[in-house]
């Protein structure tokens, strides 16, 4: 029977590219790494590496088994952390990362009761783009992340849907697009687009660039400033522009294929690099209650 330790060594060899590099990373003798891989191959009756050359090469069967090995190790880590959390006192620190467009006074009100309930816990708030928030959670630099979901399965963190946010295509009232009774794709492509993009140049799945001319910004607030100044059109969260549309300082464009805007899920990412404790559990409960009771959100069933 194979062991978790053997799977860990297998994954490390794959990540580092050689038995010697894996041995250095794991601070073990190279012979011990080689023996562990051999024992694993015997246990599962599969050849994992082609050793004809100096550098071990993954076999096709090993490539099929590698993602499963990752999943097993993630689950083991999660199990260990859960055991630890069952006997753990209140967390000393909680880092919450949130998409910048979702950070507002209402969100801060969710956190306010935590100050009295957990007075010894330090809480840090980080505002960033959805992609940067996800990276912070993945690297264990934040325990919780509030993001716009892309539908991609997260194998290295936990995820659940909170609700759905509406995005609208907007422009300045003086923009040429604002005068059209119906706006088609061809109209949008003919005018400059202001696109939301992360620091690593990733774009949200529903608001990516389609125009032949584009300006980029990593916050929706900057996008709105660009739109206000007539530089181009943009796709932005409805909650950020409701008042401006009422005051006619911005126009929601009647786009033919998305007349009522885009709906996208807002979700909560939870790191597996940290054990769950009462502060985190209380925060998650308050988040779920907040989104469930919001009348201006399209919520999950």
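The values are calculated or read from the model by the stated rules, or taken from the named source; none is laboratory data. Small disclaimer: the values here were computed from a predicted structure and weren't measured. We place every Cβ from the backbone using ideal geometry, glycine too, and count neighbours over all the protein chains shown.
Laid out as a table, the results:
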{"quantity": "Single residue of 59, 16, 12 found to be outside the structural domain of residue 218 (by TED's automatic domain parsing), more than 30 Å from residue 221 (Cβ to Cβ) and touching a strand residue (DSSP E or B) at 6+ places or on another chain (Cβ under 7 Å)", "calculated": "59"}
{"quantity": "From 247, 221, 288, residue being modelled with pLDDT of 85 or more, outside the structural domain of residue 144 (by TED's automatic domain parsing) and under 21 Å from residue 108 (Cβ atoms)", "calculated": "221"}
{"quantity": "Residue list for the stretch 116-138, restricted to those being more than 10 Å from the chain's Cα centre (by Cα) and under 24 Å from residue 278 (Cβ atoms)", "calculated": "116, 117, 118, 119, 120, 121, 122, 123, 124, 125, 126"}
{"quantity": "Residue 9 surrounded by 13 or more Cβ atoms within 10 Å (Cβ to Cβ), in contact with a helix residue (DSSP H, G or I) (Cβ under 6 Å, 6 or more places away or on another chain) and modelled with pLDDT of 90 or more", "calculated": "yes"}
{"quantity": "Count of the stretch 14-43 residues which are under 16 Å from residue 1 (Cβ atoms), surrounded by fewer than 16 Cβ atoms within 10 Å (Cβ to Cβ) and touching a helix residue (DSSP H, G or I) at 6+ places or on another chain (Cβ under 8 Å)", "calculated": "2"}
{"quantity": "Residue within the stretch 77-86 that is touching a strand residue (DSSP E or B) at 6+ places or on another chain (Cβ under 9 Å), under 30 Å from residue 111 (Cβ atoms) and at pLDDT below 90 present", "calculated": "yes"}
{"quantity": "The one condition in (1) modelled with pLDDT of 85 or more; (2) assigned by TED's automatic domain parsing to the domain that holds residue 191; (3) over 21 Å from the mean Cα position of the chain (by Cα) that residue 259 fails to fulfil", "calculated": "(1)"}
{"quantity": "Test for residue 105: is it free of Cβ contacts under 8 Å to residues at least 40 places away in the same chain, within 30 Å of residue 285 (Cα to Cα) and out of contact with any strand residue (DSSP E or B) (no Cβ under 8 Å at 6 or more places or on another chain)", "calculated": "yes"}
{"quantity": "Evaluation of residue 65 against (1) outside the structural domain of residue 23 (by TED's automatic domain parsing); (2) more than 19 Å from the chain's Cα centre (by Cα); (3) surrounded by 15 or more Cβ atoms within 10 Å (Cβ to Cβ) (one fails), failing number", "calculated": "(1)"}
